[in-house]
Structure formats: C-alpha cells, structure tokens
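Student: Quick one: the structure is below, and I'll ask about it shortly.
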Amino acid sequence: NTFSSFLLYLIERDSPVVITDVMVTSGAAAEPEPEPENPGASVVFTGTFGDAIYDVDTSTYTFPSGAQPWGGFANEDTTVYPFTFPEGGSITFTASAAAPTSLKFKFEKNPYPDTEPSFETETVLIDSTTAQEYTVEFAAQGENTFSSFLLYLIERDSPVVVTDVVVRSN
C-alpha cells in the first residue's frame, strides 16, 4: 500500500502537547542522528558590574575585596534569550580554581532594574586546580521568561576559570 497522508490525533482536549523530531521510516530502522556536542545555549559572562574583574584571555573571573557586595558578571549575548524552564533545567560548565571557591548563577526577568521574577541556583564549590566539569540543576520556573543571566563568586580574591557554560531546559 502507498499512503499520502499522515495524521496525529490528540485524545485529551485543552491539553497542549509539544512534539518534536518525528521520523517515519520504512523497512529497516533508520540510523539515529548523532546528538549535538553541546545542546543548549552556550554562554560567556563578559559584562562586569560592581568592580568585579573578568580576564578575557584566560576566562578568569575575580571578585576582589574592593568590589561592591553586589558585584558580578553578566552574559551580554542577547541571542540566547529568552530562557524558559517550565520543567526545570541545568547549567553545565568547566571550572578550576587555585583555592576552593564557590559560585552561583542567577536568572532575572530582564537586566537591572526590571529583574523580577528571578531565581538563583544552588552554590557550587569549585575545588579543583585542574579543569573539571560541574552541573547544577534547578527546579521548574512555570511560565516565567528570563532575559538576564548572571554569575556571582562567593569568596573574594579567589580567581576562578570558568568555560563552556551551557544552559539546558528540561
């Protein structure tokens, strides 16, 4: 038989469904396409505020003792926005530090001053002098959208190298 129509029926009314990557094959099973190496949005925090310091040549972030208490680092690449996390998400990154140093991420509705709603991730301890991969997961954020993504260091005067930051929505 030859078919010229392919339909999908939803059984439950008023229940939105997201369907992606539908593939129809005939005969032997098709080879799955390889997963992208880094699915998700890749981010670099090039914007500094509150006297925080970023060294672009070494990807080193520093929160000096003279910096403002609210000092940190902002992603300035607007092509990754907006972020949505209706079912939660995660941030995976590579980092190293000469001394154990903690960091956290913050998502905001928009850059300051229109920041709410916002949320912060758990603090992650960077405890290796060689580059290691770290992942921090976070809970669902409902229908909220976020167009500001920030990085904060907790300890002062303890530089951290952070690269390969990838944000994923579950």
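Student: Please work out, to two decimal places, the log10 of the ratio I(q)/I(0) at q = 0.18, 0.26 Å⁻¹ from a Debye calculation in which every Cα of the range 125-170 carries one identical scatterer.
Tutor: For the range 125-170 at q = 0.18, 0.26 Å⁻¹, log10 I(q)/I(0) is -0.77, -1.26.
Student: Given points 7 Å out from each Cα along the Cα-Cβ axis, report the Ala99 to Glu120 separation in nanometres with one decimal.
Tutor: Output for this residue pair reads 2.1 nm.
Student: To continue, here is another question. Show Thr115, Thr145 ordered by accessible area, largest first, where the area counts protein heavy atoms only and the probe is 1.4 Å.
Tutor: Per-residue accessible area, sorted high to low, gives Thr145, Thr115.
Student: Another question about this same structure. Determine the sum of side-chain charges near Pro117: Lys and Arg each +1, Asp and Glu each -1, restricted to other residues whose C-beta is under 11 angstrom from that of Pro117.
Tutor: Working: positive: Lys109; negative: Glu108, Asp114, Glu116, Glu143.
Summing Lys/Arg as +1 and Asp/Glu as -1 gives -3.
Student: Summing Lys, Arg as +1 and Asp, Glu as -1, what charge do residues with Cβ under 12 Å from the Cβ of Thr101 carry, Thr101 excluded? Walk me through the numbers on the way to the answer.
Tutor: Working: positive: Lys104, Arg156; negative: Asp127, Glu155, Asp157.
Here the charged neighbours net out to -1.
Student: Rounded, prolate or oblate: which fits the range 62-170 when a ≥ b ≥ c are the square roots of the eigenvalues of the alpha-carbon gyration tensor, with rounded for a/c under 1.5 and prolate only if a/b beats b/c? List each step's numbers first, then the result.
Tutor: Numbers: a/c = 2.15, a/b = 1.41, b/c = 1.52.
In terms of gyration-tensor shape, oblate.
Student: Now a separate question. Roughly speaking, to the nearest percent, how much of the range 52-112's 1.4 Å accessible area is carbon and sulfur?
Tutor: On the way: 1490 of 2810 Å².
Carbon and sulfur atoms account for 53 percent of the accessible area of the range 52-112.
Student: Counting Lys +1, Arg +1, Asp -1, Glu -1, what net charge surrounds Val43 among other residues with beta carbon under 10 Å of its beta carbon? Display every interim value, and only then the final one.
Tutor: On the way: positive: none; negative: Glu76, Asp77, Asp164.
Here the charged neighbours net out to -3.
Student: For Ser147 paired with Val80, estimate the spin-label separation in nm (one decimal), with each label point 7 Å from Cα along the Cα-to-Cβ line.
Tutor: In this crude spin-label approximation the distance works out to 1.7 nm.
Student: Here's another thing I want to ask about it. Post the alpha-carbon centroid distance, the range 100-163 to the range 80-95, in whole angstrom.
Tutor: So the two Cα centres are separated by 10 Å.
Student: Can you tell me the accessible area per residue over the range 33-170, all protein chains present, probe 1.4 angstrom, in square angstrom?
Tutor: 53
The values are calculated or read from the model by the stated rules, or taken from the named source; none is laboratory data. Predicted model only: the values in this text are computed from it and were never measured. Here Cβ is always computed from backbone atoms with ideal geometry, including for glycine, and neighbour counts include all displayed protein chains. What goes into the accessible areas is simple: the full protein's heavy atoms, side chains included, and nothing from ligands, DNA or RNA. Shrake-Rupley method; radii C 1.70, N 1.55, O 1.52, S 1.80 Å.
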